[in-house]
Every structure is written in structure tokens, then in C-alpha cells.
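A quick write-up on the structure given underneath.
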């Protein structure tokens, strides 16, 4: 089993707040992995540590066997790690085509742009490449974020609430795009819509109060006592 990403004993403190508490986890190459937990459990902090926006207080992060702890975001992108945010980060004054050109310039511009445009065409964005973000639906903006990550040459894509604000039909469409690239790309997904996570992800890690409380298949997670207790009253995991 090949791990593309490993966190080893990662701790993150903000003053007296312990956001991540000695977290160790492995992400298999080519997989779709969920990172879930109640609000404030440390999920976004974990993404920030992995993508270089935060240097952990303690512990190490490895990507493709190399220690990348504390490497800044632009270098992480050049190494093949891309991250999306809860709110799409698109240039308001640039068309989608121009946005992809900027993203592709971080690596091999010609190949990156060619592949990104091909992907955009394949997933139904062909007629929207010359539109501004303000002219797109939320679902299309989230797809553009994914294609933008591909344009940088990313092999590991961190998706932060990629299904937020989407209808059931739009979730299915977005999930199908992600699933079609599994194997070629590795995805880690933060998401509050448990049914979507459980249907899409092969493996799930659960953070509770900054601590890794459980890891396993969706079936294992939905039957884990601590996970059930953490979500009691918010969503019935047994029916996820």
C-alpha cells in the first residue's frame, strides 16, 4: 500500500487552544478520503497544515515520502498539492479560461492548460470558459475550482466543503467528476453532508476536538460509538 500523504503526531496550538492534538493519519495514493467531524474539530486547520498555510506546533507532514512540514503554499502547489476553500477563490475580473491559464503557469503551462481545458470540456464547462465567475452557478464555480487545481498539475487535491450550497443533482454531478479522476488524482474531502461523504469516500477519518477519534471504511465509521455520540442530534449517521 502506497501512501501519498502522512501526518505524524501533528499538533497545532493557537495560544491556549489545542486545534490538533497529536494527529497521525495516512492517505493512500489514488484514493478518495473523507475528513469529517463536528464544527471546530480541526478539519480546516489540518488542511492548512498540509497545504503550508500553517506550520504545526509539533509533528511532521510527508508528501510522497518527503518531509514537507512548513513549506509555504506556493511551493506546495509546485510539488503537486492543491487546495480549495469553502468559498471559491476565483479572480472576479478574469474569465474562467484566463483563470486556468494563471493556474497552469505554476507548472508546465502548455500541458497544464491543455489538460485543464480538456477536462473543462469533458465535464460540461465548454460553453462557460469565456464567462466571468459572477456569471456561473455555485456548482459550476466549484467545478472550476477542481479544474483549476488540475491545471497546476496537482496530484493531491484537498477539497473543503465542495458540496456546500449544492442541490442533490449538483452534488451527484460533482461527485461523479471527482470519482472519474480517482486513481489518477488523490482527493481528501472535508464535508458536512455525511450522506455524500459516505457514498463517495473509500476511507474516512474523524476528528473530534482536534483528536483523531476514528478511521475506517464508511460502514465502520457509521457504527463507531464515539462518532455516533459526536453527531447525535445533528445527523443520523446510521442512515448516511
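The values are calculated or read from the model by the stated rules, or taken from the named source; none is laboratory data. Because the structure is a prediction, the values reported are computed rather than measured. With ideal geometry, Cβ positions are generated from the backbone for all residues, glycine too; neighbour counts draw on all protein chains shown.
Residues considered: 193, 155. Of these, the only one that is touching a residue at least 12 places away in the same chain (Cβ under 8 Å) and more than 19 Å from residue 26 (Cβ to Cβ) is 193.
Evaluation of residue 116 against the conditions (1) over 28 Å from residue 197 (Cα atoms); (2) out of contact with any strand residue (DSSP E or B) (no Cβ under 8 Å at 6 or more places or on another chain) shows that the sole unmet condition is (1).
Within the stretch 79-116, which residues are assigned to a helix (DSSP H, G or I), out of contact with any helix residue (DSSP H, G or I) (no Cβ under 7 Å at 6 or more places or on another chain) and modelled with pLDDT under 90? Passing the criteria: 102, 109, 110, 111, 114.
Just one of the listed residues (220, 205) is surrounded by 14 or more Cβ atoms within 10 Å (Cβ to Cβ), in contact with a strand residue (DSSP E or B) (Cβ under 9 Å, 6 or more places away or on another chain) and either more than 16 Å from residue 43 (Cβ to Cβ) or touching a residue at least 24 places away in the same chain (Cβ under 8 Å) (or both), namely 205. Considering only residues in the stretch 180-193 that are outside any loop (DSSP other than H, G, I, E, B) and in contact with a strand residue (DSSP E or B) (Cβ under 7 Å, 6 or more places away or on another chain), the one that is farthest from residue 49 (Cα to Cα) turns out to be 182.
Of all residues in the stretch 1-53, those that are touching a residue at least 12 places away in the same chain (Cβ under 8 Å) and assigned to a strand (DSSP E or B) total 27. Of all the criteria given as (1) part of a helix (DSSP H, G or I); (2) in contact with a helix residue (DSSP H, G or I) (Cβ under 6 Å, 6 or more places away or on another chain); (3) over 24 Å from residue 31 (Cβ atoms), the one not satisfied by residue 165 is (1). Of the set (1) within 21 Å of the chain's Cα centre (by Cα); (2) modelled with pLDDT under 90, all apply to residue 138 but (2). Of all the numbered requirements in (1) closer than 18 Å to residue 81 by Cβ; (2) surrounded by fewer than 24 Cβ atoms within 10 Å (Cβ to Cβ); (3) in contact with a helix residue (DSSP H, G or I) (Cβ under 9 Å, 6 or more places away or on another chain), residue 44 misses one, and that requirement is (3). Based on what the data block shows, is residue 204 closer than 20 Å to residue 31 by Cβ and part of a helix (DSSP H, G or I)? Spelling it out, it is not the case that residue 204 is closer than 20 Å to residue 31 by Cβ and part of a helix (DSSP H, G or I).
Farther than 28 Å from residue 9 by Cβ and crowded, with 22+ Cβ neighbours inside 10 Å: does that describe residue 166? No.
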